[in-house]
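The structure under discussion appears below in the form of structure tokens.
The values are calculated or read from the model by the stated rules, or taken from the named source; none is laboratory data. Since we're looking at a predicted model, the values are computed, not measured. For neighbour counting, all protein chains shown are included, and Cβ atoms are generated from backbone atoms with ideal geometry for every residue, glycine included.
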Amino acid sequence: MGLFSFIKSAGKKLGIGGDDEAPDVEAVKKELASHDLGTDKVEVEVVDDKIVLKGVVKDQSIFEKAVVAVGNTLGVSKVEAGELKIAENPAATPAPAKEPVFYTVKKGDNLWKIAEAQYGKGKGVKNTLIFEANKPMLTHPDKIYPGQVLRIPELAD
């Protein structure tokens, strides 16, 4: 756990490089900070087309949002977060308590279809949970694109 794959040719373009080029570290730091997730204690490194995140975040949701925020960047194929710890459990091994569930958007998908695929038939109404779990990276439920990776939160019992 700790290494997450993304589609290198899909995502938000940062900086002025070509479409295949990974963004520079300052552009990634600025993008992460722009979401105001409380990631000020997170270090960012760029190694080829991989982003490495290290440091401490408040909770599991911030961990997942940080991974998605930098992973959905044009030129990034992987995010390594094995050394990104959760403050609620700083003594734990450098990994979150739970394996996150991510979903890569396919052509023709919408949040309703994704909710039914992830939670089961008849649970499309839970699409609002997926939207809320991906804020502030998502600004509107209809603004998703193929190749984008979304967090899929657990359903409360």
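Do we find a residue being under 23 Å from A22 (Cα atoms) and at pLDDT 90 or above anywhere in the range 113-130? Checked against the condition, which is being under 23 Å from A22 (Cα atoms) and at pLDDT 90 or above, the range 113-130 yields no hits at all. Answer yes or no as to whether K65 is out of contact with any helix residue (DSSP H, G or I) (no Cβ under 9 Å at 6 or more places or on another chain) and either closer than 17 Å to G2 by Cβ or polar (S, T, N, Q) (or both). Taking the combined requirement at face value, the residue does not satisfy it.
The set of residues in the range 58-84 that are modelled with pLDDT of 90 or more, part of a strand (DSSP E or B) and either of a type outside the set (V, I, T) or farther than 15 Å from E31 by Cα (or both) comprises K78, E80, A81. Please find, within the range 34-61, the residue that is surrounded by the most Cβ atoms within 10 Å (Cβ to Cβ) out of those that are of a type in the set (S, T, N, Q) and closer than 14 Å to I86 by Cα. Only one residue tops the list, namely T39.
For the range 124-157, a tally of residues being farther than 24 Å from S77 by Cβ and either assigned to a helix (DSSP H, G or I) or in contact (Cβ under 8 Å) with a residue 12 or more places away in the chain (or both) returns 13. Quick check on P100: is it modelled with pLDDT under 90, surrounded by 12 or more Cβ atoms within 10 Å (Cβ to Cβ), over 17 Å from the mean Cα position of the chain (by Cα) and under 25 Å from P23 (Cβ atoms)? It is false that P100 is modelled with pLDDT under 90, surrounded by 12 or more Cβ atoms within 10 Å (Cβ to Cβ), over 17 Å from the mean Cα position of the chain (by Cα) and under 25 Å from P23 (Cβ atoms). Residue count for the range 103-118 satisfying the condition of being assigned to a strand (DSSP E or B) and farther than 15 Å from F131 by Cβ: 1.
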